[in-house]
Amino acid sequence: MENLGVLLGAYAFIFGARVIDMSLDVLRILMLMRDKKVLASVVGFFEVTVFVIALNEVLKGGLDDTGKVLAYAGGFATGNFVGSIIEGKLAMGYLSLQVFPPPQLEQRFVTALRQHGFGVTTVSGQGRDGERVILFVTLKRKNLNRAITLLDDLHPNVFFTISDARHIKGGVFPAAKR
């Protein structure tokens, strides 16, 4: 019975270490994408330390213990999931939102976005059905849900795209809530 406790403890350790390791991996990649090289290096140091310790535990006695392999793989999968949740909560960085409002609602969209503190730049473009106005909005990731809710309130089927904005300088952003 004591052997079973030790074995289950090893499985739990491997699983937990992989969850931590992979969560750190997601954060390290996020830091690299946000050009935070020093912070990414520090996170990477701890990530690989936990990884090596977990891998060592898996390899003790060979790879004949399926439970260790499953704990390792389960920790990997769960760590990716947990890391993505943490990344979503941190909401670091900026996004570029391009909105293609119906022609008759262009000014309504511009006014509403600006009233909510978003900077909006309008550009004329040519679409399949003729001239269209495209609204460009650069926003903090933490304000994305607010912007999407506003767009949905204005027109539930409005077409928009979102892309990552790696570097920005200047701009107009909603004031932080106090």
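Taken together, the values in this text are just the output of simple stated rules run on the coordinates, not laboratory data. Everything numeric in this text was worked out from a predicted model, so none of it was measured. Cβ: placed from backbone, ideal geometry, glycine included. Neighbour counts: every protein chain shown.
Brief remarks on what is shown
- Looking only at residues of the range 33-47 that are part of a helix (DSSP H, G or I) and not hydrophobic (A, V, I, L, M, F, W, C), we find that the one that is nearest to ARG166 (Cα to Cα) is LYS37.
- Residue that is nearest to the chain's Cα centre (by Cα) [pool: residues in the range 1-53 that are of a type in the set (Asp, Glu) and closer than 18 Å to GLY75 by Cβ]: ASP25
- Condition met for SER23 (hydroxyl-bearing (Ser, Thr, Tyr) and either in contact with a strand residue (DSSP E or B) (Cβ under 6 Å, 6 or more places away or on another chain) or under 30 Å from LEU151 (Cβ atoms) (or both)): no
- Unmet criterion (only one of (1) within 30 Å of ASN3 (Cα to Cα); (2) in contact (Cβ under 8 Å) with a residue 24 or more places away in the chain) for ASP64: (2)
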